[in-house]
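Peer 1: This is the structure I have questions about; it appears just below.
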Amino acid sequence: MIYVDTSVIVATLDPTDSRRPRARKALEVSDGKVISELVIAELASVLTRQREVLKNIKERLGVSRSIALLATILYVLKRFNLNYVSVKGYLRNPIGLLYVFSICCRDGRRDKTQNLRSTSSSLH
């Protein structure tokens, strides 16, 4: 089992990152990759700060900003075959993902990842 850090995913998504080819290769080649709701929260935080990227996805899909964010996260999970593991163990349904998504997408509020970590850990 390989725990994938958010920085690897972000490097893969950023065409200007010099680490992109190595990060992409690592995500495409390796098997048994896992992420937790902490990585999802951090990724959501990074994506919400990348307004232009999220705006382009939103417009291409013809959906709201919140749906564009969720679609991007789900795309990353599927594209790189990342398995969701809760902090306390493996889950088939990413309930933590849905919870983190609902927190990240509250109108007029941007939670810091640290707040999301403490909030999401209280679920388990």
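Peer 1: Using amide H atoms built 1.01 Å from N in the peptide plane, name the residues 5+ places from Asn83, or on other chains, whose amide H lies under 5 Å from its own.
Peer 2: Lys33, Val34, Ile35
Peer 1: Quick check on the exposure proxy: order Glu42, Glu52 from fewest to most C-beta atoms within 10 angstrom. Could you put the intermediate results ahead of the total?
Peer 2: Details: Glu42 21, Glu52 7.
In order of increasing Cβ crowding within 10 Å: Glu52, Glu42.
Peer 1: I want to check the label-to-label distance for Arg49 and Arg79. Put each point 7 Å from Cα in the C-beta direction and report it in nm to one decimal.
Peer 2: Between Arg49 and Arg79, the simple spin-label model gives 2.0 nm.
Peer 1: Multiply the residue separation of Glu59 and Arg20 by 0.36 nm, subtract the distance between their alpha-carbon atoms, and state the gained length in nm to one decimal. Walk me through the intermediate numbers first.
Peer 2: Working: separation 39, 0.36 × 39 = 14.04 nm, distance 2.49 nm.
That works out to 11.6 nm of additional length.
Quick note: the coordinates plus some simple rules give every number you see, no bench work behind them. Remember, predicted model here, so these are calculated numbers, not experimental data. Cβ sites come from the backbone with ideal geometry, for glycine too, and all protein chains shown count toward neighbours.
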